[in-house]
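What follows is one structure encoded as structure tokens, with my remarks underneath.
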Amino acid sequence: ETTLGAAAAQTGRYFGAAVAAGRLGDSQYTTILNREFSSITPENEMKWDATEPARGSFNYGPADRIVSHARANGKRMRGHTLVWHSQLPAWVTNIQDANTLRSVMNNHITNVMTHFKGQIEAWDVVNEAFADGTTQLRNSIFRQRLGDGFIEEAFRTARAVDPAAKLCYNDYNVEDWNAAKTQGMYNMVRDFKARGVPIDCVGLQSHFGSGGAPSAFRTTITNFAALGVDVQLTELDIAGAGSTQYSNVVQACMAVARCTGITTWGIRDSDSWRASENPLLFDRSGNKKPAYDSVLAAL
Ligand code: XIL
């Protein structure tokens with residue numbers, strides 16, 4: 001195959017990119033996007049600060065522009081993200097009362113998922129809830145006010161709003177099986193499956209340093225999949241974009257049937273949130289980098 005999307009499709013997988021609405025007018029960017037990628041994740045446009053900047057006042061313009069580009073070009077869509085402590089407006093952080101925050105959270109999930117119903121294949125319902133270096137949740141406003149049960153509540157609300165959407169839990173630093181944070185996330189997903197809390201997938205963000213994925217990455221993918229959830233590599237980027245490092249990541253996903261897709265967090269190095277590390281598959285001129293060929297060969 002000659003494109004990332006077509007190569008991934010040979011095994012029923014997608015190969016996606018994070019997309020910024022503000023770049024859709026850049027023809028070099030959209031040419032690569034339309035040619036190479038089969039899935040789109042909005043980089044910032046579906047986050048809480050973008051979609052509900054003031055209580056009850058919803059803004060979908062930038063996200064709608066991405067969704068309509070996806071529809072017009074036959075791309076799949078991931079929704080990112082409904083409940084996250086970051087890029088969260090101050091009016092939410094400032095809520096003191098648990099019942100108020102509970103209804104605000106559920107109303108946010110309901111409004112956003114209803115707006116995009118039928119257009120989003122998988123939602124990152126909750127993002128980055130675990131604390132680095134521990135098996136515990138971080139002390140976000142949601143955990144402070146609602147307790148650890150906020151995650152379960154968010155997933156139950158999401159399922160009721162759009163039963164056809166796949167519901168994912170997404171996090172970073174959970175790629176190494178031998179990390180406490182990975183164990184905490186694994187225990188939560190196992191508990192959700194045991195108790196019937198609705199969860200369909202996990203996202204391993206996969207923001208890697210120049211060494212690439214940890215050696216126990218494949219074990220992590222295998223073990224989450226064995227719980228009965230799909231695994232997606234949702235925000236892949238690798239400092240320096242080494243060909244071997246990229247190839248190893250793709251091979252780890254390809255080795256597990258339930259690893260259903262890979263998304264790079266941007267298209268060209270110049271589009272990346274880590275631009276100085278040149279972590280992506282296309283250079284600043286839109287040319288394919290050596291890592292591109294190693295990914296294509298591994299798919
Ligand atoms: C990043 C975006 O790429 C930046 O443009 C923004 O300024 C900050 O957020 N984990 C996530 C993503 O889940 O939403 C983050 O995206 C990167 C880390």
> Do any trypsin sites (Lys or Arg not before Pro) in the stretch 73-176 lie in a loop, going by DSSP, with at most 16 other beta-carbon atoms within 10 Å of their beta carbon, and if so which?
Replying inline: K117, R138
>> If Rh is defined by the Kirkwood formula over all Cα pairs and Rg also comes from Cα, what ratio Rg/Rh do you get for the stretch 15-96?
In response: 1.04
>> Using Cα-Cα distances under 8 Å and only pairs 6 or more residues apart, what relative contact order does the stretch 125-230 have, in percent?
In response: 29 percent
> So how far, in whole Å, is the C-alpha centre of the stretch 22-76 from the one of the stretch 139-153?
Replying inline: 29 Å
>> At a threshold of 8 angstrom on Cα-Cα distance, excluding pairs fewer than six apart, so keeping six or more, what relative contact order does the chain reach in percent?
In response: 17 percent
> For K166, which lysines qualify as cross-link partners when the Cα separation must be under 19 Å and same-chain residues fewer than eight apart are set aside?
Replying inline: K47, K75, K117, K193
> With helices defined as uninterrupted DSSP H runs, which ones in the chain have an alpha carbon span along their own long axis of at least 20 Å and mean Kyte-Doolittle hydropathy of at least -1.0?
Replying inline: 98-115, 180-195
> Share of Cα-Cα pairs in the stretch 195-299 beyond 22 Å, in percent?
Replying inline: 29 percent
>> Let's see if you can work this out: charge +1 on each Lys and Arg Cβ, -1 on each Asp and Glu Cβ, no other charges. What is the dipole magnitude of the stretch 1-73 about its Cα centre, in debye to the nearest 20?
In response: 100 debye
>> Full-extension gain between S215 and T134, please, as 0.36 nm times their residue separation minus the C-alpha to C-alpha distance.
In response: 27.2 nm
> For A98 and A160, what does the FRET efficiency come to when R0 = 30 Å and r is the distance between their Cβ atoms, rounded to the nearest 0.05?
Replying inline: 0.90
>> Under a crude label model (7 Å from the Cα following the beta-carbon direction), how far is R284 from R35 in nanometres?
In response: 2.1 nm
> In terms of the Cα gyration tensor, with a ≥ b ≥ c the square roots of its eigenvalues, is the stretch 1-144 rounded because a/c is under 1.5, prolate because a/b exceeds b/c, or oblate?
Replying inline: prolate
>> Taking R0 as 30 Å, what FRET efficiency do you get between R195 and S86 from their Cβ-Cβ distance, rounded to the nearest 0.05?
In response: 0.60
>> If you average the C-alpha positions of the stretch 231-251 and of the stretch 105-130 separately, how far apart do those two centres end up, in angstrom?
In response: 26 Å
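None of the figures in this text is laboratory data; all of them are computed from the coordinates on show. It should be emphasised that the depicted structure is a prediction, and the values quoted were computed from it without experimental measurement. Virtual Cβ from ideal backbone geometry, glycine too; neighbours counted across all protein chains shown.
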